[in-house]
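Asker: Attaching a single structure in structure tokens format; questions to follow.
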Amino acid sequence: MEVSSKKTNDVVYFVKECTTNEELVYSLRSVEKNFPHNKVWIYGGCPSNLKLDTFTHITQNGLTKWDKVRKMFSAAANNPDITDDFYLFNDDFFIMEPIDEMSVFYRSTLPEHILEIEMKHGDSPSEYTKLLRTTYRNLLPYSDPVLSYELHIPFLFNKKKLLNVIKKFPTVHATRTIYGNYYKIGGDKMRDVKVYGQASLNNPNTKTFLSTDDSAWMGDKYYIKTRVKNTFPDKSQYEL
């Protein structure tokens with residue numbers, strides 16, 4: 001299934017409180033160069049060295065990670081000035097080559113995703129796997145199989161549909177996966193593009209999409225930062 005990433009759709013970022021955010025700077029460069037869009041909106045925190053189409057500060061004190069994200073989802077979905085359909089980005093998403101049509105992708109079935117995490121990190125359930133198990137139980141009446149949409153790539157939301165799932169699943173936080181299964185958006189299976197180790201670099205999907213964790217970026221482990229900086233050397237319109 002392909003969905004146009006044409007200029008009529010806005011891009012929305014959820015960003016934690018920060019004074020500097022180098023990854024966001026380069027993510028915006030990649031969006032400007034390779035991902036057709038209308039406006040860029042940022043919810044949460046924003047570095048002072050950026051000038052954006054619009055920025056909405058979301059107070060994050062005293063909230064869990066998941067409650068912060070849910071608060072931002074609600075704020076974006078209730079904003080009448082954001083396009084009816086918008087692409088959600090994290091600040092460490094990089095679009096490495098031009099995209100005219102954005103396809104829909106899922107990671108695996110949700111039970112397979114949970115098993116993958118537990119095999120990688122040990123037997124003790126993490127807060128994240130507990131969250132995913134709760135999500136799975138809630139989605140069983142609506143989808144068979146239940147798919148995981150927890151990928152580090154842009155995800156297309158419709159505001160009206162998003163508000164509906166937020167209301168229908170008030171205590172479940174894996175919003176991409178809830179949305180994707182409840183509305184049966186389908187898609188093609190994709191190996192996740194977040195680089196955690198050397199083996200991740202063999203993923204052919206990272207030629208188009210790339211994401212990295214903070215330690216790999218800050219230490220330039222696996223030369224991720226070098227690769228991104230070499231691909232996007234020029235300032236975007238969003239930089240001062």
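Asker: Which condition number does Arg29 fail, the rest of (1) out of contact with any Asp or Glu (no Cβ under 9 Å at 6 or more places or on another chain); (2) assigned to a helix (DSSP H, G or I) being met?
Answerer: Every listed condition holds for Arg29 apart from (1).
Asker: A further question on this structure: Out of (1) buried (at least 18 other Cβ atoms within 10 Å of the Cβ); (2) closer than 18 Å to Lys167 by Cβ; (3) touching a strand residue (DSSP E or B) at 6+ places or on another chain (Cβ under 7 Å); (4) at pLDDT 95 or above, the odd one out for Ala77 is which?
Answerer: (3)
Asker: How do the pairs read when you match residues in segment 211-226 that are at positive phi with residues anywhere that are crowded, with 17+ Cβ neighbours inside 10 Å, using Cβ under 8 Å and keeping only pairs 6 or more apart or on different chains?
Answerer: Cβ pairs passing all conditions: Tyr222/Val195; Tyr222/Ser200; Tyr222/Ala216.
Asker: Spot the failing condition for Val172; the list is (1) part of a helix (DSSP H, G or I); (2) over 19 Å from Glu23 (Cβ atoms), and only one is missed.
Answerer: Condition (1) is where Val172 drops out.
Asker: Does any residue of segment 84-96 turn out to be surrounded by 20 or more Cβ atoms within 10 Å (Cβ to Cβ) and either more than 18 Å from the chain's Cα centre (by Cα) or farther than 26 Å from Phe35 by Cα (or both)?
Answerer: No: segment 84-96 contains no residue that is surrounded by 20 or more Cβ atoms within 10 Å (Cβ to Cβ) and either more than 18 Å from the chain's Cα centre (by Cα) or farther than 26 Å from Phe35 by Cα (or both).
Asker: Now for a separate question. Confirm whether Thr171 is farther than 27 Å from Thr54 by Cα, of a type outside the set (A, V, I, L, M, F, W, C) and either surrounded by fewer than 18 Cβ atoms within 10 Å (Cβ to Cβ) or in contact (Cβ under 8 Å) with a residue 12 or more places away in the chain (or both).
Answerer: Values: farther than 27 Å from Thr54 by Cα: yes; of a type outside the set (A, V, I, L, M, F, W, C): yes; either surrounded by fewer than 18 Cβ atoms within 10 Å (Cβ to Cβ) or in contact (Cβ under 8 Å) with a residue 12 or more places away in the chain (or both): yes.
So Thr171 fits the description; yes.
Asker: Still on this structure, please answer the following. Is segment 190-198 home to any residue that is among the small types (Gly, Ala, Ser), assigned to a loop (DSSP other than H, G, I, E, B) and modelled with pLDDT under 90?
Answerer: Yes, segment 190-198 contains a residue that is among the small types (Gly, Ala, Ser), assigned to a loop (DSSP other than H, G, I, E, B) and modelled with pLDDT under 90.
Asker: Does Leu147 satisfy the criteria of being surrounded by 19 or more Cβ atoms within 10 Å (Cβ to Cβ), more than 24 Å from Arg227 (Cβ to Cβ) and without any contact (Cβ under 8 Å) to a residue 60 or more places away in the chain?
Answerer: Taking the combined requirement at face value, the residue satisfies it.
Asker: Taking strands (runs of 3 or more DSSP E) that fall entirely within segment 33-142, which contain at least 2 residues that are touching a Phe, Trp or Tyr at 6+ places or on another chain (Cβ under 7 Å)? It would help to see each step written out before you state the result.
Answerer: Numbers: elements: 40-44, 54-57, 85-90, 93-95, 101-103.
So the answer is 40-44, 54-57, 85-90, 93-95.
Asker: Same structure, new question: Looking at (1) under 17 Å from Asn90 (Cα atoms); (2) assigned to a loop (DSSP other than H, G, I, E, B); (3) not hydroxyl-bearing (Ser, Thr, Tyr), which is the only condition Leu210 fails?
Answerer: All conditions are met except number (2).
The values are calculated or read from the model by the stated rules, or taken from the named source; none is laboratory data. All figures in this text were calculated on a predicted structure; none of them were measured in a lab. Counting neighbours? That spans all protein chains shown, and the Cβs are built from the backbone with ideal geometry, glycine included.
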